[in-house]
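For reference, the structure is listed below as structure tokens.
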Amino acid sequence: MTSTTTELEALLMQRSLTDPQLLAAAGEASDFRILPDATVIKIGGQSVIDRGRAGLYPLLNEIVEVRANHQLLIGTGAGTRARHLYSIAAELNLPAGVLSQLGASVANQNAIILGQLLAQYGIPAVEGAGLSAVPLYLADVNAVIFSGMPPYGLWMPPASENVIPPYRTDAGCFLVAEQFGCKSMIFVKDENGLYTANPKTAKDAKFIPKISVDEMKAQGLHDSILEFPMLDLLQQARHIHEVQVVNGLVPGNLTRALAGEHVGTIITAR
């Protein structure tokens, strides 16, 4: 490790940050896992939060119970209100960075809603610099809520064909799990997982219990249940090598997934 560190330091002082030898040496350095016992849960905006009491209350009750045995970072989606804002902003010819800010405002609102609903249990909603206090909250109440939208803002990488921000709340929650070196990443949706087609409109849609990113792309399913760029992030990740998609409207599904059971669909990096 010492020789690798010495070599990397020398290369950093002498070479460009895009130098192949420098990048190879940096790649050999191991990442420190900051929160290796925590799990990131992304609660869908349109699929769960927008359903109001019927969708949220049973799931939040389940979260309150399971946090006794699990450290939870709870990310919020944006949902229908963000889509409405995207529609208006896109019609006004505003760029992806502005749409990213608008989507973030809705995800923040949803985080505040969850924070108020769970306040009586001491579970806080944090943002920005407040993320530095996450370890303290996990040590105290085993759970914390954050907005799932990554804070790119005006620096959002533009999509190749439109102005819809490519990195949204699925990607934002995954990046938190990866950068903190968390144990697992669970996406809570309103479907049992991935299907060969949209189960809401296609009666012949077949459920897929497990699949790789490459298989999803080959079958044209890469943008069917999770944001497409998030799947690319999964293949590039160093800690999170699979994600799980579960139906949060079915009581007990989240508890079973946190316990390590195969619930819903598991998507693997390779």
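Could you identify the single residue in Ile240, Ile211 that is part of a strand (DSSP E or B), modelled with pLDDT of 95 or more, open to solvent by less than 30 Å² (accessible area, probe 1.4 Å) and at negative phi?
Checking each option against the conditions leaves just Ile211.
Do we have Ala129 as within 23 Å of Thr265 (Cα to Cα), at pLDDT below 95 and aliphatic (A, V, I, L, M) here?
Answer is no for this residue.
Give me the pairs: first residue in region 252-270 and over 17 Å from Ile208 (Cβ atoms) and in contact (Cβ under 8 Å) with a residue 12 or more places away in the chain, second residue among the hydroxyl-bearing types (Ser, Thr, Tyr) and open to solvent by 10 Å² or more (accessible area, probe 1.4 Å), beta-carbon distance under 6 Å, and six or more apart or on different chains, which are they?
none
Six or more apart or on different chains, Cβ under 9 Å: which pairs go from a residue in region 23-37 that's under 16 Å from Ala139 (Cβ atoms) to one that's open to solvent by 40 Å² or more (accessible area, probe 1.4 Å) and among the polar types (S, T, N, Q)? Could you list them?
Pairs that qualify, where the first residue is under 16 Å from Ala139 (Cβ atoms) and the partner is open to solvent by 40 Å² or more (accessible area, probe 1.4 Å) and among the polar types (S, T, N, Q), are Ile34/Gln179; Leu35/Gln71; Asp37/Gln71.
Taking Ser184 as the residue in question, decide whether it is under 20 Å from Asn69 (Cβ atoms) and open to solvent by less than 50 Å² (accessible area, probe 1.4 Å).
Spelling it out, Ser184 is indeed under 20 Å from Asn69 (Cβ atoms) and open to solvent by less than 50 Å² (accessible area, probe 1.4 Å).
All but one of (1) open to solvent by 70 Å² or more (accessible area, probe 1.4 Å); (2) farther than 23 Å from Pro251 by Cβ; (3) within 31 Å of the chain's Cα centre (by Cα) hold for Ala29; which doesn't?
Among (1) open to solvent by 70 Å² or more (accessible area, probe 1.4 Å); (2) farther than 23 Å from Pro251 by Cβ; (3) within 31 Å of the chain's Cα centre (by Cα), the lone unmet condition for Ala29 is (1).
What tally of residues in region 34-54 results from selecting those that are of a type in the set (Lys, Arg) and open to solvent by less than 90 Å² (accessible area, probe 1.4 Å)?
Of the residues in that region, 1 qualify.
Which residue pairs have Cβ atoms under 8 Å apart, sit 6 or more places apart or on different chains, and have a first residue in region 199-226 that is more than 14 Å from Thr268 (Cβ to Cβ) and a second that is among the basic types (Lys, Arg)?
Ile225/Lys189
Look at region 135-171 and say how many of its residues are assigned to a helix (DSSP H, G or I), surrounded by 16 or more Cβ atoms within 10 Å (Cβ to Cβ) and in contact with a helix residue (DSSP H, G or I) (Cβ under 8 Å, 6 or more places away or on another chain).
Residues in region 135-171 being assigned to a helix (DSSP H, G or I), surrounded by 16 or more Cβ atoms within 10 Å (Cβ to Cβ) and in contact with a helix residue (DSSP H, G or I) (Cβ under 8 Å, 6 or more places away or on another chain): 4 in total.
Of the conditions (1) closer than 22 Å to Gln46 by Cα; (2) in contact with a His (Cβ under 9 Å, 6 or more places away or on another chain); (3) in a loop (DSSP other than H, G, I, E, B), Gly181 satisfies every one except a single condition; which number is it?
The number of the failed condition is (1).
When you go through (1) in contact (Cβ under 8 Å) with a residue 24 or more places away in the chain; (2) over 20 Å from Leu258 (Cα atoms); (3) not acidic (Asp, Glu) one by one for His70, which number turns out not to apply?
(2)
Any idea which residue in region 96-124 is nearest to Thr80 (Cα to Cα), counting only those that are free of Cβ contacts under 8 Å to residues at least 24 places away in the same chain, aliphatic (A, V, I, L, M) and surrounded by fewer than 19 Cβ atoms within 10 Å (Cβ to Cβ)?
My answer is Ile112.
Just one of the numbered conditions (1) within 19 Å of the chain's Cα centre (by Cα); (2) open to solvent by less than 70 Å² (accessible area, probe 1.4 Å); (3) over 20 Å from His262 (Cβ atoms) is not true of Lys189; which one?
Of the numbered conditions (1) within 19 Å of the chain's Cα centre (by Cα); (2) open to solvent by less than 70 Å² (accessible area, probe 1.4 Å); (3) over 20 Å from His262 (Cβ atoms), the odd one out for Lys189 is (3).
Could you tell me whether any residue of region 219-227 is among the hydroxyl-bearing types (Ser, Thr, Tyr), surrounded by 15 or more Cβ atoms within 10 Å (Cβ to Cβ) and not in a loop (DSSP other than H, G, I, E, B)?
The answer is no; no qualifying residue exists.
Residues checked against (1) farther than 20 Å from Cys173 by Cβ; (2) buried (at least 21 other Cβ atoms within 10 Å of the Cβ):
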site: Lys206; (1), (2): yes, no
site: Leu231; (1), (2): no, yes
site: Gln236; (1), (2): no, no
site: Gly248; (1), (2): no, yes
site: Glu261; (1), (2): yes, no
site: Gly264; (1), (2): no, yes
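So which residues in region 75-89 are hydroxyl-bearing (Ser, Thr, Tyr) and open to solvent by 50 Å² or more (accessible area, probe 1.4 Å), if there are any at all?
Thr80, Ser87
The values are calculated or read from the model by the stated rules, or taken from the named source; none is laboratory data. Computed from a predicted model, the values in this text were never measured in an experiment. Using ideal geometry, Cβ is built from the backbone for each residue, glycine included, and neighbour counts are taken over all protein chains shown. To get the accessible areas, we keep the full protein, side chains included, count just its heavy atoms, and leave off ligands, DNA and RNA. Shrake-Rupley method; radii C 1.70, N 1.55, O 1.52, S 1.80 Å.
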